[in-house]
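These notes concern the structure reproduced below.
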Amino acid sequence: MWARPLLHQSLPGLAIPSVIDSNGNVKNRWNWSLWVGFLFVLAGFLSYPFFARFPITRDFPWANFLLFAVGGIFLLVGLVRAFGRPQLYRGKIVGAILAVLSVVVFGFFSYLIFYELRQLPSSTGAPRVGEKAPAFTLPDQDNNQVSLADLLSAPASSASTAKANAVLLIFYRGFW
């Protein structure tokens, strides 16, 4: 019932500790770095909608690539453990599968970021700086309809009766 440690002599002078269960079977250690690495890779892929909310990570997803890099390092450490010391760590088959899946996920993410999202049509019809904007009516954050004419005819502040003579329009290209 109780596991007892055993020292294997795989190389002269090198003792690798393993665990033998009550039936005499050698149990290898769980290779946690493979799974942690794969979770980091999944986090790098799935967290893009979260990081796209912030301007510093919207234009170039460096935070996602950082998560991919950390996941790759953990996967590499796990693969070195699994293939370098198979008497001690398990994970040769699962590690190879997780590594291939991670490369596929990273490749798909890179394809989406560097190719698909760059295929948006050019904004040739958008107004240029200094050009008069066309009349429009759009919903605001409270779903109330706001038109350009309303913005230009509204008072500049609550204390004055002067009308606003300019409106700043900001365009965000893309989708997220």
Checklist entry - Which of the following residues is assigned to a helix (DSSP H, G or I), at pLDDT below 90 and within 26 Å of Trp30 (Cα to Cα): Ala69, Ala96, Ala82? => result Ala82
Checklist entry - In the list Phe60, Phe74, which residue meets the criterion of being over 26 Å from Trp32 (Cα atoms) and not charged (D, E, K, R)? => result Phe60
Checklist entry - How about segment 127-165: which of its residues are at pLDDT 80 or above, surrounded by fewer than 10 Cβ atoms within 10 Å (Cβ to Cβ) and assigned to a loop (DSSP other than H, G, I, E, B)? => result Glu131, Lys132, Pro134, Ala135, Asp140, Gln141, Asp142, Asn143, Asn144
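Which is at pLDDT 75 or above and over 30 Å from Ala69 (Cβ atoms), of Leu168, Leu112?
Exactly one residue qualifies, and that residue is Leu168.
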Checklist entry - small (Gly, Ala, Ser) and either at pLDDT 80 or above or surrounded by 15 or more Cβ atoms within 10 Å (Cβ to Cβ) (or both), is that true of Ala3? => result no
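The values are calculated or read from the model by the stated rules, or taken from the named source; none is laboratory data. None of these values were measured; they are calculated from a predicted model. Ideal geometry is used to build each Cβ from the backbone, glycine not excepted, and the neighbour counts take in all protein chains shown.
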